[in-house]
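Written below as structure tokens is the structure these notes are about.
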Amino acid sequence: MEHGSLTDLTASTFSLMDEDHTLANSVRFTLNQDPRVAFCGYSIPHPSDNKVNIRIQTTGDTAKDVLKDGFQNLMIMCQHVRTTFDKAVADYETNRPSKHMNIDTP
Amino acid sequence: MPKVSALDMPDVPMGQLPEHLQLQRSRVVCKADAPIHLESFCKNFKLEVIRLTEDEIEFDMIGIDASLANAFRRILIAEVPMMAIEKVLMVNNTSVIADEVLAHRLGLIPLNADPRLFEYLSENDSPNERNTIVYKLDVSCRKGGPRMTVKSDQLKWLPNGSELEMTPPNQSAKPKSYTSFSCSQDSMPEFSKKPLGVKHEDIIIAKLGPGQAIELEAHAVKGIGKVHAKWSPVSTAWYRMLPEVVLLKDIKGDDAEKLVKKCPVNVFDIEDLGNGKKKAVVSKPRACTLCRECIRGVNEELVELRRVKDHFIFTIESAGALPPEVLFTEAVKILEDKCDRVISDLS
Ligand code: SF4
């Protein structure tokens with residue numbers, strides 16, 4: 001859900017249901033790296049409501065598009081983390097000394 | 001940083017700031033949380049597995065922001081699904097442990113079932129072989145015999161579903177069981193090789209005195225840790241930033257010996273400089289617990305304790321059903337799914 005004005009599309013607050021710090025803080029981080037973002041922050045209006053509000057003010061682009069890009073970037077980062085992790089685990093497995101190897105016994 | 005009086009700076013020309021302040025004024029220092037681009041993230045992100053056992057993993061994540069590391073941790077604890085006992089049908093319980101306490105204890109037993117092979121049981125679904133696992137516990141203690149301990153290995157998996165029958169609404173109706181399995185779970189290829197038992201066979205469920213008995217049926221379903229901690233797939237998942245211990249001045253001789261002795265986890269070591277001279281060096285900063293023992297009292301100006309902001313030492317302890325490396329991949333996938341969902345909502 002988007003709360004913004006009809007005349008100014010560069011500043012909006014987005015309400016995400018059933019989300020919390022997990023997603024909001026991560027996307028705040030990616031959005032703050034975007035040079036088009038003038039301001040970005042999030043809040044949880046009440047701890048017993050299952051929602052977060054994400055506020056975005058941009059330097060000229062539509063807030064909605066910028067938010068979408070923020071999520072897109074987050075997704076790409078996640079994918080990169082996942083492939084790197086899988087590779088690291090595979091590397092570890094190949095280099096791991098065998099459990100049954102006993103160096104001391106002749 | 002050493003303290004310098006504002007009036008006593010011979011090397012700073014009049015009207016200018018000291019070098020470090022000048023730098024702060026004129027430059028943005030690009031730390032991990034300052035603007036970076038996706039490309040440089042991909043280039044600089046590093047991951048190294050330190051230790052991997054059946055139910056524990058430790059790895060270093062370098063070049064990532066705390067917000068993401070924390071998101072992974074939060075998802076691991078609260079949002080990666082698991083199977084756990086949710087419903088207990090009591091037939092008989094004459095033990096000293098109350099029904100609800102017993103049901104709670106059963107819920108917390110880790111099951112050896114891969115949650116990815118199951119679906120969520122939603123409110124108007126009937127329990128079937130795709131979303132429910134049924135266990136039976138039928139134990140009794142012989143009259144006149146010794147007391148007995150009921151352990152988790154006495155929970156028996158019922159691949160054919162519930163054996164209890166619901167009271168029919170009227171006399172003529174055919175009695176129905178509490179689950180409606182269309183086929184036996186052990187005929188399904190994914191479960192036929194690996195029976196859906198409990199992870200640990202030696203968890204004490206209850207103790208029975210002579211003449212006491214417990215008979216019950218337990219239904220396990222899929223859920224997430226946010227709803228109840230029994231569905232949390234990890235014992236715990238945590239990270240810490242890499243400690244960095246810096247000696248600001250050379251510490252020599254007896255002082256060095258004293259410093260080495262002070263640290264309970266042996267972060268420091270002695271370097272021999274020849275002809276009886278010794279110097280303290282930092283040899284194992286990673287082991288530092290930041291207990292601050294080494295800077296207590298005398299050494300405050302000599303030792304500085306820091307943490308590397310974008311280097312996370314991540315540890316995951318699995319509760320059993322899935323190996324820890326799979327849990328992490330699942331957690332990252334969940335974050336991706338969340339993004340995906342919001343993007344499609346926005347379009
Ligand atoms: S803070 Fe504690 S653990 Fe770390 S170096 Fe000092 S004494 Fe050792």
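The values are calculated or read from the model by the stated rules, or taken from the named source; none is laboratory data. Keep in mind that what you see is a predicted model, and the values were worked out from it rather than measured. Every residue, glycine as well, gets a Cβ built from its backbone with ideal geometry; the counts of neighbours run over all protein chains shown. The protein model used for the area step is the full one, side chains on, heavy atoms only, and it has no ligands, DNA or RNA in it. Shrake-Rupley method; radii C 1.70, N 1.55, O 1.52, S 1.80 Å.
Just to be sure I understand, how many residues within the range B:248-270 are within 16 Å of the ligand (Cβ to nearest atom), without any contact (Cβ under 8 Å) to a residue 12 or more places away in the chain and loosely packed, with under 13 Cβ neighbours inside 10 Å?
Counting residues in the range B:248-270 that are within 16 Å of the ligand (Cβ to nearest atom), without any contact (Cβ under 8 Å) to a residue 12 or more places away in the chain and loosely packed, with under 13 Cβ neighbours inside 10 Å gives 1.
Those residues that are within 16 Å of the ligand (Cβ to nearest atom) and charged (D, E, K, R), I need them from the range B:217-247; list them, please.
Those that are within 16 Å of the ligand (Cβ to nearest atom) and charged (D, E, K, R): B:ARG240, B:GLU244.
Hey, could you check the range B:36-89 for residues that are facing chain A (nearest Cβ under 8 Å) and at pLDDT below 90 and say which is least open to solvent (accessible area, probe 1.4 Å)?
Of everything passing the filter in the range B:36-89, B:PHE41 is least open to solvent (accessible area, probe 1.4 Å).
As an exercise: evaluate B:ARG292 against (1) surrounded by fewer than 13 Cβ atoms within 10 Å (Cβ to Cβ); (2) near the ligand (Cβ under 9 Å from one of its atoms); (3) touching a residue at least 24 places away in the same chain (Cβ under 8 Å); (4) not polar (S, T, N, Q) and give the number of the one condition it does not meet.
(3)
Going by the structure shown, is B:CYS339 within 16 Å of the ligand (Cβ to nearest atom) and open to solvent by less than 40 Å² (accessible area, probe 1.4 Å)?
Against the criterion (within 16 Å of the ligand (Cβ to nearest atom) and open to solvent by less than 40 Å² (accessible area, probe 1.4 Å)), B:CYS339 does not qualify.
Is it fair to say A:THR83 is of a type in the set (Ser, Thr, Tyr), modelled with pLDDT of 90 or more and either touching a Cys at 6+ places or on another chain (Cβ under 6 Å) or open to solvent by 80 Å² or more (accessible area, probe 1.4 Å) (or both)?
On the way: of a type in the set (Ser, Thr, Tyr): yes; modelled with pLDDT of 90 or more: yes; either touching a Cys at 6+ places or on another chain (Cβ under 6 Å) or open to solvent by 80 Å² or more (accessible area, probe 1.4 Å) (or both): yes.
Spelling it out, A:THR83 is indeed of a type in the set (Ser, Thr, Tyr), modelled with pLDDT of 90 or more and either touching a Cys at 6+ places or on another chain (Cβ under 6 Å) or open to solvent by 80 Å² or more (accessible area, probe 1.4 Å) (or both).
Under the condition of being out of contact with any strand residue (DSSP E or B) (no Cβ under 6 Å at 6 or more places or on another chain) and more than 14 Å from the ligand (Cβ to nearest atom), which residue from the range B:295-317 is farthest from the other protein chains (Cβ to nearest Cβ)?
If we take residues in the range B:295-317 being out of contact with any strand residue (DSSP E or B) (no Cβ under 6 Å at 6 or more places or on another chain) and more than 14 Å from the ligand (Cβ to nearest atom), then B:GLU301 is farthest from the other protein chains (Cβ to nearest Cβ).
Test of understanding: among A:GLY60, A:GLY41, which residue is farther than 27 Å from B:LYS43 by Cβ and free of Cβ contacts under 8 Å to residues at least 24 places away in the same chain? Can you show your working first?
Values: A:GLY60 fails: free of Cβ contacts under 8 Å to residues at least 24 places away in the same chain.
Residue meeting the stated conditions: A:GLY41.
Checking B:VAL281 against (1) away from chain A (no Cβ under 14 Å); (2) more than 14 Å from the ligand (Cβ to nearest atom); (3) surrounded by fewer than 19 Cβ atoms within 10 Å (Cβ to Cβ); (4) of a type outside the set (D, E, K, R), only one condition comes out false. Which one?
Checking B:VAL281 against (1) away from chain A (no Cβ under 14 Å); (2) more than 14 Å from the ligand (Cβ to nearest atom); (3) surrounded by fewer than 19 Cβ atoms within 10 Å (Cβ to Cβ); (4) of a type outside the set (D, E, K, R), the one that fails is (2).
Do the conditions hold for B:LYS333, that is, is it open to solvent by 20 Å² or more (accessible area, probe 1.4 Å), modelled with pLDDT under 90 and within 14 Å of another protein chain (Cβ to nearest Cβ)?
No: the conditions fail for B:LYS333.
Looking for whichever is modelled with pLDDT under 85 and surrounded by 12 or more Cβ atoms within 10 Å (Cβ to Cβ) here; the options are B:SER187, B:SER177. Which one fits?
Result of the check over B:SER187, B:SER177: B:SER177.
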